[in-house]
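Peer 1: First, the structure itself, so that you have it in front of you.
The values are calculated or read from the model by the stated rules, or taken from the named source; none is laboratory data. Keep in mind that what you see is a predicted model, and the values were worked out from it rather than measured. Cβ atoms come from the backbone with ideal geometry, glycine included; neighbour counts cover every protein chain shown.
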Amino acid sequence: MSRDKTLAEARRVLGICNACGYCNGFCDLFEAAKHRPRLADADLAHLANLCHACRNCLYACQYAPPHPFGVNVPRGLARMRQQSYVDGAWPRPLAALLEHSLLAALLVGLGAVGLLVGLVLMSVPAEVLFARQTGAGAFYRILPWSGMLAIGVVPLAWSGLAIGIGLRRAWRATRTAAAPVTLRALGMAVRDVLLLRNLSGGGPGCNDLDERLSHKRRWLHQTMVLGLLSSFAATVVATYYDHILGWEAPYPLLSVPVVLGTLGGLGMSLGIAGLLWLKWRGDRDPTAPEARHADYALLVLLLSVALTGLALLAWRDTAAMGLLLTVHLGGVLAFFLLLPYSKLVHAGYRFIALLIEAMERNERRDG
Amino acid sequence: MNHAPHRLSPPNPSATEPEVLVIGGGTAALCAAISARRAGASVCLLEQAPKGLRGGNTRHSRNLRFMHPGTTPLASGPYPVAEFRADLDRATGGTMDSTLTPLLIQHSADVPDWLEDAGVRFQPTASGVLPASRKTAFLLGGGKSMLNALYATAEGIGVEIQYAAEVRDLMIREGRLEQVLVAQGEQVRAWRPRAAIACCGGAQANRDWLRAQWGEAAAGFINRGTPFAEGQVLGSMLRQGAQPVGDPHSAYLVAVDARSPADDGGIVTRVRCMPAGIVVDRNGRRSHDEGGDTASTRYAVWGQRLAGYPGQIGYLILDARGMREAPPSLYPPISADGITTLAAALAIDPVALRTTIARYNAAVRPADQADDPAGWHTLGLDPPKSRQALPLTEPPFAAYPMRPGITFTYHGVRVDAQTRVRLGDGLAVENLFAAGMIMAPNIIGRGYVSGLAMTIGIVFGRLAGEEAARRVQG
């Protein structure tokens, strides 16, 4: 769908919502739209990122297909959201990765794994790579610490820069009212993120799968996020052990990095498996193919990182460790590289939307 | 809609027939089906619409009126019996049925609890984003969310639901409903339920019926609600001697955008900002005080007025200042840089429109307090604009074309205290019940108060379901 058509459809649909307003108990979107009645391009980007794609408003809509108005807010805003990620991509040509998310995940994933496996095969003698390695420094006999650091830091720095530029653009474009950033607004936005308040349908839950309401997606998403954060924390602690305390990996099963990493891997796997199941089984009417593909791409990439991490833990004392470590780190590398060009950017865009909403709400209340 | 016995297939073996047949798929039908099923009867519900458009005009509704002597999270203050009664008295001119009205008011009190028990969710006033309402409770997500919950509940307890099932005719003999003629696709067959509950509303979507009541003017009406309210069942009952109630020549009309679809435009087609401008007919002339009604009742006042306009069309004329005040609308107004070009776009005589606006502007007098737009008024203009009469001088100019939008009709069947359909001789059909808009004129034969149709559907739907179940089991 062309950019113009995507914007026009989002504008048309939200224009009808602004004249109706029946759904304003589900989430913040509908009141927010009412306060931006012009529905300019920046308004649409803001509103699309405020939408958590919960689907309730489609099931509740008196104008949903087969009504001739054909109102489908979740789908229109999913497209609009995807468009806003593309618009914010830096550098511009890499926006193609967002537009072809499944292919991008496949190519970058295989490429990164292939690259690392190739490098390891070339640089590590087979009798080391395919032998059982145990004890302090076992991992570094496969990949030196400097190599691991490079896999982490270089792509992360690049991705941080690219995401930062995109978010800065979004912040400048969508912060249209004069409301100030306050600690209170930040607190409200953080709370909205932690509780996924806009994914609770005003209390009873959302149409995750079909007409029935549930809180499944909310719980699964947060389980996955906790898993991801826990895994990241494991890496940070391990780096601290290794670099500051001089304790070389691998660490014992009951050490902080291994416990955090295991819980993280399990949380991610569980959350992602559930989210994939919802996506697979759920009604597709409220979604758009491009958004669905982006979801699948990120979920599958993350799941493969989590599963290879768990496999590495399970078989680290065997001869398979060398290749498992390489494949796992290849997945991590692909994930880091794709950060700015994947669905993961939604975290930043949504936080900005929630923060702006909190700022404007406070301003209206106080001002 | 004629009797045509030769077209009937033989009645089905009674094994597949439900004890209670519910005709319709909106609020009243669902409440009737659920309560009859809960009382132990086997129940089948026939909805004329396909699944995607199920639910009659409940799909377009949002709130319901309920009596509550104390405070509740669902409304901004108490609404005692006497006040409910007084509101109905005022709206209907005291024409309400003296048996059914107390039932309605009493039973309205536990409507929210009953619905919540059936899976329906309300939006509390604490959400902070609702229109202020002391007398009505708002459904979270509106009427369609309620329908989804009630359909799920009905199916869960074993009510059989059939979509695209159109009841064409009933056969009533000697005070008993004998059979019901049902069309499903190509197939037409006679059902012989032990009891039936008619919950299928009025005839406002039926153009022939509208023409019969309103003559040529009917062509200028827009039906705001479901296209399935064609009145077959209402017509069938009346032809067979059911006692009519209400007035077939009147309807609840609301001013809607003339560009709206012929059916089903719902809430978003309303035109709301008459006090911000002036209203002219197709000849460019004013005929009513646009500042006279500023409460929400103005929608219906203008609907009635438009029905009397030539061609059933009127134009709300605004200038740039008025447009800034206008709430969001389904269609953008027709706008132009000047009055002459606007008149051309509306096919109104430009001289007439210019003259009307010039006279109006010349008659405008400021408010006593300069910062009070409501105090602006006209002097020496007939008809006057008594409030908010700001001059129309700031280009660009804009117009909303408007037509009467029919919401429901005031024509139904009389029912007794058990919701049984009454015949002309005063007796009731022993196994035919009615609930919802098809019998609402027993209570509301004219006028309206918001959220009442839903309450009538729920209260009398429940009652009819219980009575029908009692009947088939007794």
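Peer 1: Mind listing whichever residues of the range B:103-162 are in contact with a Gly (Cβ under 6 Å, 6 or more places away or on another chain), within 14 Å of chain A (Cβ to nearest Cβ) and part of a loop (DSSP other than H, G, I, E, B)?
Peer 2: Scanning the range B:103-162 gives a single hit, B:140.
Peer 1: Still on this structure, I have one more. In this structure, is residue B:318 touching a Phe, Trp or Tyr at 6+ places or on another chain (Cβ under 6 Å) and more than 14 Å from every other protein chain (Cβ to nearest Cβ)?
Peer 2: no
Listed here are the residues, each with its yes/no results for (1) at the interface with another protein chain (Cβ under 10 Å from one of its Cβ atoms); (2) closer than 22 Å to residue A:352 by Cα; (3) surrounded by fewer than 24 Cβ atoms within 10 Å (Cβ to Cβ); (4) not charged (D, E, K, R).
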residue	(1), (2), (3), (4)
A:48	no, yes, no, yes
A:57	yes, no, no, yes
A:60	yes, no, no, yes
A:67	yes, no, yes, yes
A:78	no, yes, no, yes
A:98	no, yes, no, yes
A:102	no, no, yes, yes
A:106	no, no, yes, yes
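Peer 1: Across the range A:348-367, what is the number of residues that are farther than 23 Å from residue A:82 by Cα and either touching a Phe, Trp or Tyr at 6+ places or on another chain (Cβ under 8 Å) or outside any helix (DSSP H, G or I) (or both)?
Peer 2: Number of matching residues: 1.
Peer 1: Counting only residues that are among the acidic types (Asp, Glu) and surrounded by 18 or more Cβ atoms within 10 Å (Cβ to Cβ), which one in the range A:1-30 is farthest from residue B:131 (Cα to Cα)?
Peer 2: Here the answer is A:9.
Peer 1: Go through the range B:240-263 residue by residue and tally those that are within 15 Å of residue B:202 (Cα to Cα) and without any contact (Cβ under 8 Å) to a residue 60 or more places away in the chain.
Peer 2: Number satisfying all stated conditions: 2.
Peer 1: Test each condition in (1) within 11 Å of chain B (Cβ to nearest Cβ); (2) surrounded by fewer than 21 Cβ atoms within 10 Å (Cβ to Cβ); (3) among the hydrophobic types (A, V, I, L, M, F, W, C) for residue A:42 and report the one that comes out false.
Peer 2: Result: residue A:42 fails condition (1) only.
Peer 1: Could you run through the range B:416-462 and say how many residues are part of a helix (DSSP H, G or I) and either in contact with a helix residue (DSSP H, G or I) (Cβ under 7 Å, 6 or more places away or on another chain) or outside the structural domain of residue B:116 (by TED's automatic domain parsing) (or both)?
Peer 2: Residues in the range B:416-462 being part of a helix (DSSP H, G or I) and either in contact with a helix residue (DSSP H, G or I) (Cβ under 7 Å, 6 or more places away or on another chain) or outside the structural domain of residue B:116 (by TED's automatic domain parsing) (or both): 15 in total.
Peer 1: Pick from the range B:327-344 the residues that are more than 30 Å from residue B:224 (Cβ to Cβ) and outside any loop (DSSP other than H, G, I, E, B): which of them is nearest to the other protein chains (Cβ to nearest Cβ)?
Peer 2: B:341
Yes or no, residue by residue, for (1) closer than 23 Å to residue B:138 by Cα; (2) more than 14 Å from chain A (Cβ to nearest Cβ); (3) touching a strand residue (DSSP E or B) at 6+ places or on another chain (Cβ under 6 Å); (4) modelled with pLDDT of 95 or more:
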site: B:2; (1), (2), (3), (4): no, yes, no, no
site: B:5; (1), (2), (3), (4): no, yes, no, no
site: B:10; (1), (2), (3), (4): no, yes, no, no
site: B:22; (1), (2), (3), (4): no, yes, yes, yes
site: B:26; (1), (2), (3), (4): yes, no, no, yes
site: B:29; (1), (2), (3), (4): yes, yes, yes, yes
site: B:43; (1), (2), (3), (4): no, yes, yes, yes
site: B:50; (1), (2), (3), (4): no, no, no, yes
site: B:56; (1), (2), (3), (4): yes, no, no, yes
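Peer 1: Could you grab me the full set of residues in the range A:174-192 that are crowded, with 17+ Cβ neighbours inside 10 Å and either within 30 Å of residue A:281 (Cβ to Cβ) or of a type outside the set (Val, Ile, Thr) (or both)?
Peer 2: A:175, A:179, A:185, A:188, A:189, A:192, listed by residue number.
Peer 1: Another one. Only residues that are within 18 Å of the chain's Cα centre (by Cα) and closer than 21 Å to residue A:17 by Cβ: list them for the range B:121-144, please.
Peer 2: Of everything in the range B:121-144, those that are within 18 Å of the chain's Cα centre (by Cα) and closer than 21 Å to residue A:17 by Cβ turn out to be B:138, B:139, B:142, B:143, B:144.
Peer 1: Report yes if some residue within the range B:275-296 is over 19 Å from the mean Cα position of the chain (by Cα), within 14 Å of chain A (Cβ to nearest Cβ) and in contact (Cβ under 8 Å) with a residue 12 or more places away in the chain; otherwise report no.
Peer 2: No, the range B:275-296 contains no residue that is over 19 Å from the mean Cα position of the chain (by Cα), within 14 Å of chain A (Cβ to nearest Cβ) and in contact (Cβ under 8 Å) with a residue 12 or more places away in the chain.
Peer 1: Of everything in the range B:60-73 that's in contact with a Ser or Thr (Cβ under 7 Å, 6 or more places away or on another chain) and buried (at least 16 other Cβ atoms within 10 Å of the Cβ), which residue is farthest from the other protein chains (Cβ to nearest Cβ)?
Peer 2: Filtering the range B:60-73 for residues that are in contact with a Ser or Thr (Cβ under 7 Å, 6 or more places away or on another chain) and buried (at least 16 other Cβ atoms within 10 Å of the Cβ), the one farthest from the other protein chains (Cβ to nearest Cβ) comes out as B:67.
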